[in-house]
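S.K.: Sharing a structure, written as structure tokens. Questions coming.
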Amino acid sequence: MKYKNTVEFKVYGPLALFSDPITRIGGEKCSYQIPTYEAIKGVLHSIYWKPTFIWIVDEVRVMKRVKMETKGVRPIKYSDGSNDLSYYTYLTDVEYRVRAHFEWNLNREELAADRNENKHYEIAKRSIAAGGRRDVYLGTRECQAYVEPCAFDEGAGENDDVSLSFGLMFHGFTYPDESPLPDDTRLVKRFFNARMENGVVKYPRPEECTATVVVRDGLKIKRFGVAEEDE
């Protein structure tokens, strides 16, 4: 389904790292083979975002073959500030076509006056044409990326005849201010069974992910324009 406020663009770069949490235990990172929902949502936030609305990632088209490269890096130890040695496995030479739309954040009643769909849609399109409002990166900060407007279905991709299952994969986080449940105070981690059909990954909506883990409870929504002592 294509919504009337749908945006389409391509994002590409020399490196990407969509980190699998399981591989971080020893301080090293290994990328998933396809982007996570949360990483693409982060790209959209770098392009244009306001707390008035929530970006929903509908689908991503993987334009180039999956290639990986392992690099030795020297991350800083949090304990004493010295350097450590780790190996990070990156995706290389990546390009994705993204189709997404936005919906109003109904948990932000204090911003109801800002719910002007045409305004936000036009700003989003101009921001895509300008390459984003903030630095764009794919997964981690060292993976700088670039954004350009394009048609989602235009052109031939190297995976147009490829269909693969990637098993259970991290989808994203649900914060209290974006939760569909009333008075939700949890930070929830979501998972889904990822599959690419003819080069296209279709993501379930956040509320459709049934495999979830509660990371933290007892959080509250900070209201914009409301002093903390008045809440």
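None of the figures in this text is laboratory data; all of them are computed from the coordinates on show. Just so we're clear, the structure is a prediction, and the values are computed from it rather than from any experiment. Don't worry about glycine lacking a Cβ; one is built from the backbone with ideal geometry, like all the others, and counts go over all protein chains shown.
S.K.: Restricting to DSSP loop positions (anything but H, G, I, E, B) with no more than 11 other Cβ atoms inside 10 Å of their own Cβ, which GluC sites (Glu not before Pro) remain in segment 94-166?
M.R.: GLU154
S.K.: May I pose another question? Straight-line reach from LYS10: which lysines have a Cα under 27 Å away, not including same-chain ones fewer than 8 places off?
M.R.: LYS10 reaches LYS2, LYS29, LYS41, LYS50, LYS64, LYS67, LYS71, LYS119, LYS125, LYS189, LYS202.
S.K.: If R0 is 35 Å, what FRET efficiency do you get for LYS202 and TYR175 from their C-beta distance, rounded to 0.05? Please list the in-between numbers first.
M.R.: Working: r = 23 Å, r/R0 = 0.67.
Efficiency at R0 = 35 Å is approximately 0.90.
S.K.: Quick one: what does P(r) look like for segment 7-157 with 5 Å bins over all Cα pairs, in whole %?
M.R.: Whole-percent P(r) values from 0 Å outward: 2, 9, 17, 19, 17, 13, 10, 8, 5, 2, 0.
S.K.: Any idea which of TYR90, SER127, THR52 is furthest toward the positive side of the dipole for the chain, if Lys and Arg beta-carbons carry +1 and Asp and Glu beta-carbons -1?
M.R.: About the Cα centre, the residue reaching furthest to the positive side is TYR90.
S.K.: Select from segment 38-75 those trypsin sites (Lys or Arg not before Pro) which occupy a DSSP coil region and have at most 13 other Cβ atoms within 10 Å, ordered by residue number. Please list the in-between numbers first.
M.R.: Values: sites: LYS41, ARG61, LYS64, ARG65, LYS67, LYS71; in loops: LYS64, ARG65, LYS67.
Within segment 38-75, the qualifying trypsin sites (Lys or Arg not before Pro) (loop, at most 13 other Cβ atoms within 10 Å) are ARG65, LYS67.
S.K.: Another question about this same structure. Just check segment 120-231 against the gyration tensor rule for me: Cα atoms, a ≥ b ≥ c as the square roots of the eigenvalues, rounded for a/c under 1.5, and otherwise prolate or oblate depending on whether a/b exceeds b/c. Each step should come with its number before you reach the end.
M.R.: Details: a/c = 2.47, a/b = 1.36, b/c = 1.81.
Because a/c hits 1.5 or more and a/b fails to exceed b/c, segment 120-231 counts as oblate.
S.K.: Counting other Cβ atoms within 10 Å of each Cβ, which chymotrypsin sites (Phe, Trp or Tyr not before Pro) in segment 58-144 have at most 15 and sit in a DSSP loop?
M.R.: Details: sites: TYR78, TYR87, TYR88, TYR90, TYR96, PHE102, TRP104, TYR121, TYR137; in loops: TYR78.
When the chymotrypsin sites (Phe, Trp or Tyr not before Pro) of segment 58-144 are filtered for loop state and at most 15 Cβ neighbours within 10 Å, TYR78 remain.
S.K.: Another one. Hey, what did segment 7-157 get for relative contact order, percent, Cα under 8 Å, at least 6 apart? Please list the in-between numbers first.
M.R.: Numbers: 292 pairs, mean separation 59.6, N = 151.
Relative contact order here is 39 percent.
S.K.: Points 7 angstrom from Cα along the Cβ direction at ILE76 and SER163: gap in nanometres?
M.R.: Inter-label distance under the simple model: 4.8 nm.
S.K.: Moving to a separate point now. Considering the dipole of segment 7-157 built from charges on the beta carbon (Lys and Arg +1, Asp and Glu -1) around the Cα centre, which of PRO35, VAL7, ASN116 is farthest to its positive end?
M.R.: PRO35
S.K.: If I model a spin label as a point 7 Å beyond the Cα along the Cα-Cβ vector, how far apart are those points for ILE123 and LYS2 in nm?
M.R.: Those two pseudo-labels are separated by 2.5 nm.
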